[in-house]
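One structure is given here, and the rest of the page talks about it.
The values are calculated or read from the model by the stated rules, or taken from the named source; none is laboratory data. Predicted model, so just to flag it, every value in this text is computed and none were measured. Cβ placement follows ideal geometry from the backbone for every residue including glycine, while neighbour counts extend to all protein chains displayed.
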Amino acid sequence: MYFLFWLACSFCLGVLIESFISIPLIFLLLLAIILFSLSLKNLNNKSSTYFLLISFFILGAVFLRNYEKLPAHHLTKLNIKTTAIRSEGKVISDPKVNQTSSFIFDTKYLIFNQTKLKVSGKVLVKCFNKEDFLYQENLILEGKLSPVFNYGKFDYRKYLYQQNIYYTFNVKQSSQIQHLSYGNKIIKSIFKLRENLDTLITQNISYPNNLLLSAIILGKRQNLPRDLQDIFVQTGTVHILAISGLNVGIILFIFLAVLKILRIKRKARYLIAMLLFIFYCILTGSSPSVVRATIMGCVFLAGLLLERELNIYNSLGLSALIILFINPSQLFDVGFELSFICVLAIVYLSPKIIDFFAKIKLEKPKFLIQSISVSFAAWISILPITIYNFHMISPVTILANLIIVPLSSLITAAGFAFLIISSILPFSTSIFARSCEFLIQIMVISTYWFSKLPGAYFRI
Amino acid sequence: MLNLTPQEKLIIIFVGLIALCGATLDYYYKRQPQKTEKLNQFIEKHIIRKGQLLNINQATKDDLIKISGIGEKTAQAIIEYRETNGNFTSIEEIKNIKGISENKFEKIKAYLIAE
């Protein structure tokens, strides 16, 4: 029944075990080959299922091992003595542009006077001048390469190591930056569209509401004032500021509905929705949370397309497997853990809580009981993670989610309506902008009240 | 006459409600422009605390870090300076602290006050 789910679980377990102890590779390989061939022998047999599960466990271990092994021409292997280097490469994350800009840079070559040396490895570039960088742009940079330092409470080094980033690369002057040709024309035009939409939001909606709308719809979180983010952190509703499964769900509904209105056939509809999903993922800067949500959405759509009744556990399992195939160390990413555990808790735990309420003769109002159960299940399941990572307990989350989550869904939908309709009918811009603004104001102010309730949150 | 599916109806109802809400607000804002800013003023005053000055003689480390331009180290240095040298008499005095250059001072002075 839940076959893919259990496969994903054993894969995760393999990754987890491998991260603590490293088992000799040759032993793992032999065992895996034996198990795979044993499961081939009796495909109908129940024991072959168990063999398959164990082989996925080993697959997880080997995948993590391979991911952590760096190639021979990786930066860390070069023993770079002069820290001032010139390097050619590509911008591979959505650049944060503030007083200082920063982005992840995939180095391809080191450039000495006349020669080019092929290298690989990701570095975190910090540029101390105001300079425009574009996602997926090819650059030549000159600057200082240095190992990652930790500052503050947050374990920055571990966070970057998980993404295979071992160096920061500081660029002091604009003269040290050379823009090369732009890699991909399609991606460039998508990013132009993003800038246009962002201007539309900034011009029509007042500060600071415009920043929240860009965060919720376009994934532009970097300019949000800290105080504003703080109230969302304190009430445990900060997840709505990142584009997550919830937003993507609403967006999927919008896409499918619009495509249905256009009288497009059912199967073509799912296919187009999938393409739109990928388009939206690039538009929002393909941050890990959006990529995760996009993969989940595509798995769901693929299930509909192939008319395979994928239950939610299997869809989750398949999504997790795809994500971990690409990058096994995502398993240790807080965002990954939070989103998968949350969904599992909502699917598995919340019906049990509803049953519990039914036992003590609390069934009405049905809608409220359901919402509270979902909110409570999500909160309790991620409690250990929030305590461990954020040193905070916020009981107010259960209450706050009941108001903030529906509001943010409403804002997502209204924001989309605003962007689409005002691109088509410019004269209606102010009307739709007003309602978006009003909804956001309500959300911010109610979040503020929640954070001010007595006993709303404790720091540990 | 109208052959709409439930989904289409839902979208039309939603867009209609949003438009109605927006038009009403727009009308209201045009009639009483001074009241339009009330919600934003509340947000700016209580949440973003824009334009509110921080007293460096009483501010805690967490308060100081919230100012853009002051990090954990600088905040710690300000507190340590205050503990060893007593209260600041003017905000210019924080320039004595290591790590606060003339440049940085220009950036952060708008948020600070010494009382």
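Where residues in the stretch A:116-147 are farther than 13 Å from A:Ile85 by Cα and hydroxyl-bearing (Ser, Thr, Tyr), which of them is nearest to the chain's Cα centre (by Cα)? Let's see the steps before the verdict.
Start the filter on the stretch A:116-147 by keeping residues that are farther than 13 Å from A:Ile85 by Cα, which leaves A:118, A:120-122, A:124, A:126-139, A:147.
If we keep only those that are hydroxyl-bearing (Ser, Thr, Tyr) too, we end up with A:120, A:135.
Values: A:Ser120: 24, A:Tyr135: 17 Å.
Applying the filter and picking the extreme gives A:Tyr135.
Considering A:Lys144, A:Lys122, A:Lys116, A:Lys126, which residue is closer than 16 Å to A:Leu180 by Cβ, among the charged types (D, E, K, R) and out of contact with any Cys (no Cβ under 7 Å at 6 or more places or on another chain)? Don't jump to the end; show me each part of the working.
Values: A:Lys144 fails: closer than 16 Å to A:Leu180 by Cβ; A:Lys122 fails: closer than 16 Å to A:Leu180 by Cβ; A:Lys126 fails: closer than 16 Å to A:Leu180 by Cβ.
A:Lys116 is the lone residue from the list that is closer than 16 Å to A:Leu180 by Cβ, among the charged types (D, E, K, R) and out of contact with any Cys (no Cβ under 7 Å at 6 or more places or on another chain).
Kindly establish whether A:Ser48 is over 20 Å from A:Gln162 (Cα atoms), more than 28 Å from the chain's Cα centre (by Cα) and either surrounded by 13 or more Cβ atoms within 10 Å (Cβ to Cβ) or free of Cβ contacts under 8 Å to residues at least 12 places away in the same chain (or both). Outline the logic, then answer.
Working: over 20 Å from A:Gln162 (Cα atoms): yes; more than 28 Å from the chain's Cα centre (by Cα): yes; either surrounded by 13 or more Cβ atoms within 10 Å (Cβ to Cβ) or free of Cβ contacts under 8 Å to residues at least 12 places away in the same chain (or both): yes.
Answer is yes for this residue.
Report, ordered by the first and then the second residue, all pairs with beta carbons closer than 8 Å, sequence separation of six or more or different chains, a first member in the stretch A:317-339 that is in contact (Cβ under 8 Å) with a residue 24 or more places away in the chain, and a second member that is surrounded by fewer than 18 Cβ atoms within 10 Å (Cβ to Cβ) and among the acidic types (Asp, Glu).
Correct list of pairs: A:Ser329/A:Glu68; A:Leu331/A:Glu337.
Is it the case that A:Phe390 is within 27 Å of A:Asn209 (Cα to Cα), more than 14 Å from chain B (Cβ to nearest Cβ) and modelled with pLDDT under 85? Give the steps one after another, and end with the answer.
Values: within 27 Å of A:Asn209 (Cα to Cα): yes; more than 14 Å from chain B (Cβ to nearest Cβ): yes; modelled with pLDDT under 85: yes.
Yes.
In the stretch A:105-121, which residues are surrounded by fewer than 20 Cβ atoms within 10 Å (Cβ to Cβ) and either in contact with a Ser or Thr (Cβ under 8 Å, 6 or more places away or on another chain) or assigned to a strand (DSSP E or B) (or both)? Full working, then the answer.
First, the residues of the stretch A:105-121 that are surrounded by fewer than 20 Cβ atoms within 10 Å (Cβ to Cβ): A:106, A:108-109, A:111-118, A:120.
Within the stretch A:105-121, A:Asp106, A:Lys108, A:Tyr109, A:Ile111, A:Lys116, A:Leu117, A:Lys118, A:Ser120 qualify.
I want to confirm something. Restricting to the stretch B:8-21 and keeping residues that are exposed (fewer than 14 other Cβ atoms within 10 Å of the Cβ) and at the interface with chain A (Cβ under 9 Å from one of its Cβ atoms), which single residue is nearest to A:Arg434 (Cα to Cα)?
At the first step, the residues of the stretch B:8-21 found to be exposed (fewer than 14 other Cβ atoms within 10 Å of the Cβ) are B:9-10, B:12-13, B:16-17, B:20.
Within this subset, residues satisfying the condition of being at the interface with chain A (Cβ under 9 Å from one of its Cβ atoms) are B:10, B:17, B:20.
Numbers: B:Leu10: 21, B:Leu17: 12, B:Leu20: 10 Å.
Residue satisfying both the conditions and the ranking: B:Leu20.
Just name the residue that is nearest to the other protein chains (Cβ to nearest Cβ) out of those in the stretch A:194-207 that are part of a helix (DSSP H, G or I) and either within 18 Å of A:Ile243 (Cβ to Cβ) or touching a residue at least 60 places away in the same chain (Cβ under 8 Å) (or both). Can you show your working first?
The first filter runs over the stretch A:194-207 and keeps only residues part of a helix (DSSP H, G or I), leaving A:194-204.
Okay, now just the ones that are also either within 18 Å of A:Ile243 (Cβ to Cβ) or touching a residue at least 60 places away in the same chain (Cβ under 8 Å) (or both), so A:194-195, A:197-198, A:200-201, A:204.
Details: A:Arg194: 23, A:Glu195: 24, A:Leu197: 18, A:Asp198: 20, A:Leu200: 15, A:Ile201: 15, A:Asn204: 11 Å.
That would be A:Asn204.
Residue-by-condition table, conditions (1) under 20 Å from the mean Cα position of the chain (by Cα); (2) within 27 Å of A:Tyr448 (Cα to Cα); (3) acidic (Asp, Glu); (4) within 14 Å of another protein chain (Cβ to nearest Cβ):
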position	(1), (2), (3), (4)
A:Arg221	yes, yes, no, no
A:Thr235	no, yes, no, yes
A:Ile240	yes, yes, no, no
A:Ile243	yes, yes, no, no
A:Asn247	yes, yes, no, no
A:Val258	no, no, no, yes
A:Ile264	no, no, no, yes
A:Ala268	no, no, no, no
A:Leu283	yes, no, no, no
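Does A:Ser408 satisfy being farther than 30 Å from B:Lys30 by Cβ, touching a residue at least 24 places away in the same chain (Cβ under 8 Å), of a type outside the set (Lys, Arg) and away from every other protein chain (no Cβ under 14 Å)? Step through it out loud before you land on a result.
Values: farther than 30 Å from B:Lys30 by Cβ: no; touching a residue at least 24 places away in the same chain (Cβ under 8 Å): yes; of a type outside the set (Lys, Arg): yes; away from every other protein chain (no Cβ under 14 Å): yes.
Against the criterion (farther than 30 Å from B:Lys30 by Cβ, touching a residue at least 24 places away in the same chain (Cβ under 8 Å), of a type outside the set (Lys, Arg) and away from every other protein chain (no Cβ under 14 Å)), A:Ser408 does not qualify.
Restricting to the stretch A:172-193, what's the tally of residues that are over 18 Å from A:Thr429 (Cβ atoms) and part of a helix (DSSP H, G or I)? Write out each step before concluding.
If we filter the stretch A:172-193 for residues that are over 18 Å from A:Thr429 (Cβ atoms), which is where we start, we get A:172-192.
Cutting the leftovers down to part of a helix (DSSP H, G or I) gives us A:174-176, A:185-192.
So the count comes out to 11.
Tell me whether the stretch A:208-216 contains one or more residues that are touching a residue at least 24 places away in the same chain (Cβ under 8 Å), surrounded by 15 or more Cβ atoms within 10 Å (Cβ to Cβ), polar (S, T, N, Q) and on the phi > 0 side of the Ramachandran plot.
Within the stretch A:208-216, not a single residue is touching a residue at least 24 places away in the same chain (Cβ under 8 Å), surrounded by 15 or more Cβ atoms within 10 Å (Cβ to Cβ), polar (S, T, N, Q) and on the phi > 0 side of the Ramachandran plot.
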